[in-house]
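The values are calculated or read from the model by the stated rules, or taken from the named source; none is laboratory data. Just so it is clear, the structure is predicted and the values come from calculations on it, not from any experiment. Neighbour counts are summed over all protein chains in view; Cβ atoms, including those assigned to glycine, are modelled from backbone coordinates with ideal geometry.
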Amino acid sequence: MVAGLRRACYPTVMLARLKSLLAVPVSDSGARRHAPDELHLAAAALLVEAAHQDAGYDAAERALVDRLVRERFGLDADEAEALLAAADEKVAAAVDLYGFTRRVKDAFDHDERVELVEMLWQVVYADGELHDHEANLLRRVAALLYVSDRESGAARKRVLRKSRAVG
């Protein structure tokens, strides 16, 4: 009898657990609140995904992604390393980009989303060239973040201009 009761309750308990995991806290103003860690992880995962697009996520790209998350989110070396390790895991387990882009789109203002797209351009140009998969990813991510092609193109030009000035 107890085993039958457990089986009957299992779907209800499991559904309640899933709902609690997926619940997004709401502030008094009705706006969604996101933990900084959740946002940092979503943004870092997009950067890691961009770095993987050319099948060459090397030490230089890893160092660039590390520097970008440290500067953008004010992290120390240990925090950045933990964030990138978590982002690596999330990217490896992800089947699409929507979850990452949705979190960023919902929490970042427009200028912050454009800044993230510029960071993504920095990552894809880290090796000095743009591969087809990288360009495709940037188009998709920009669209999912509601960043126009014109704004993404301007961000790309800023990155290229800075890289020429340094190089």
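Might you check whether a residue that is part of a loop (DSSP other than H, G, I, E, B), touching a helix residue (DSSP H, G or I) at 6+ places or on another chain (Cβ under 6 Å) and over 13 Å from ALA50 (Cβ atoms) occurs anywhere in segment 95-110?
no
Give the number of residues within segment 38-57 that are without any contact (Cβ under 8 Å) to a residue 12 or more places away in the chain and either among the acidic types (Asp, Glu) or loosely packed, with under 13 Cβ neighbours inside 10 Å (or both).
Looking only at that region, the number is 1.
Among the residues of segment 94-101, is there at least one that is more than 12 Å from the chain's Cα centre (by Cα) and either surrounded by 13 or more Cβ atoms within 10 Å (Cβ to Cβ) or over 20 Å from TYR146 (Cβ atoms) (or both)?
Yes, because at least one residue in segment 94-101 is more than 12 Å from the chain's Cα centre (by Cα) and either surrounded by 13 or more Cβ atoms within 10 Å (Cβ to Cβ) or over 20 Å from TYR146 (Cβ atoms) (or both).
Here are ALA135, ALA143, ALA154: which of them is part of a helix (DSSP H, G or I), under 12 Å from ALA50 (Cα atoms) and without any contact (Cβ under 8 Å) to a residue 24 or more places away in the chain? Walk me through how you get there before you give the answer.
On the way: ALA143 fails: under 12 Å from ALA50 (Cα atoms); ALA154 fails: under 12 Å from ALA50 (Cα atoms).
One residue alone meets the criteria, ALA135.
Suppose we keep only residues that are among the acidic types (Asp, Glu) and over 18 Å from TYR57 (Cα atoms) within segment 110-149. Which one would you say is surrounded by the most Cβ atoms within 10 Å (Cβ to Cβ)?
GLU118
Got at least one residue in segment 71-81 being under 9 Å from the mean Cα position of the chain (by Cα), touching a residue at least 40 places away in the same chain (Cβ under 8 Å) and surrounded by 13 or more Cβ atoms within 10 Å (Cβ to Cβ)? Before you say what the answer is, go through the steps one by one.
From segment 71-81, those under 9 Å from the mean Cα position of the chain (by Cα) are none; that's our starting set.
No: zero hits.
Find all pairs meeting these conditions: Cβ atoms under 8 angstrom apart; at least six residues apart or on different chains; first residue within segment 83-95 and in contact (Cβ under 8 Å) with a residue 40 or more places away in the chain; second residue among the small types (Gly, Ala, Ser).
Close Cβ pairs (under 8 Å, with a partner that is among the small types (Gly, Ala, Ser)) amount to LEU83/ALA44; LEU84/ALA44; ALA86/ALA44; ALA87/ALA44; ALA87/ALA45; LYS90/ALA45; VAL91/ALA45; ALA94/ALA45.
Tell me the residue from GLU79, GLU49, GLU61 that is farther than 27 Å from GLU129 by Cα and either modelled with pLDDT of 80 or more or part of a helix (DSSP H, G or I) (or both), please.
Answer to the check: GLU79.
Go through segment 64-76 and count every residue that is over 16 Å from ASP127 (Cα atoms), aliphatic (A, V, I, L, M) and assigned to a helix (DSSP H, G or I).
1
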